[in-house]
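The values are calculated or read from the model by the stated rules, or taken from the named source; none is laboratory data. For clarity, every value in this text was computed on a predicted model and none was experimentally measured. Using ideal geometry, Cβ is built from the backbone for each residue, glycine included, and neighbour counts are taken over all protein chains shown.
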Amino acid sequence: MNGPIRAVLFDYGETLVRDWPSVGKSRPEPGVHATLRRLAPDYRLAIAALDGTPADAVREDLARLGLAGLIATVCSAAGTTPPSPTAAVERALAELGVGPAEAVLITGREPATAFPGLRQLHYGSGHFWGDRLRKKMGFRDPLLTSFDDLPATLARLATGEPGPRSWQSAARLGGLLLGFALGTATVLYLWQREEADLGAAGAERTDSNDSRSNQP
């Protein structure tokens with residue numbers, strides 16, 4: 001799916017910041033400040049706290065970190081039981097005045113809910129969620145491993161152009177498929193050889209028995 005992107009939604013804990021929800025102790029992920037400043041002129045930026053953290057707590061933390069002025073709105077799954085990630089996303093889209101097809105959600109966690117029509121980027125920088133995503137996704141890498149790469153990644157998403165990691169994943173998949181094909185061909189070849197050897201041995205025994213039975 002491609003098309004113009006007008007808004008970028010960020011999950012908060014384990015996405016924009018680490019050590020959340022330890023109030024007053026969270027740290028922004030590397031590159032967050034510079035990247036948000038680069039994105040703000042071209043996109044509407046919002047927080048969609050998928051874990052249900054109250055929006056007021058997120059706003060206070062954004063202010064402490066000097067990020068509040070770059071974020072247009074903060075929405076949360078708070079108030080729904082259990083916390084509904086869908087509610088946080090829908091609220092953020094409504095407040096920004098954009099549809100799902102015009103937005104991208106970036107999260108470092110694994111949402112239990114799909115968001116129809118909304119493009120998503122999984123973020124993993126090597127901390128807990130990043131490592132978990134790598135294991136969860138097998139040979140594939142997370143689509144975003146550094147906030148420094150986000151502006152270029154959004155541009156590729158808008159045009160449908162695959163990123164470098166997509167090509168790496170495709171190459172790895174091709175290698176796995178080639179290895180599987182070669183392994184299957186080898187097994188079939190050995191099986192056919194064994195069948196042929198057994199057939200030849202059976203024919204020899206039959207000829208030998210026929211020879212003995214024809215002797216006077």
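Does Ala92 count as buried (at least 22 other Cβ atoms within 10 Å of the Cβ), among the hydrophobic types (A, V, I, L, M, F, W, C) and either in contact with a Ser or Thr (Cβ under 9 Å, 6 or more places away or on another chain) or not assigned by TED's automatic domain parsing to the domain that holds Val17 (or both)? Taking the combined requirement at face value, the residue satisfies it. Is it the case that some residue within segment 84-97 is in contact with a His (Cβ under 8 Å, 6 or more places away or on another chain), of a type in the set (Ser, Thr, Tyr), within 30 Å of Gly160 (Cβ to Cβ) and at pLDDT below 95? The answer is no; no qualifying residue exists.
Selection of strands (runs of 3 or more DSSP E) fully inside segment 1-120 by the criterion of at least 2 residues being among the hydrophobic types (A, V, I, L, M, F, W, C) and under 20 Å from Asp149 (Cα atoms) returns 7-10, 44-49, 103-107.
When we screen Asp19, Asp56, Asp51 for residues that are under 24 Å from the mean Cα position of the chain (by Cα) and exposed (fewer than 15 other Cβ atoms within 10 Å of the Cβ), the only hit is Asp19.
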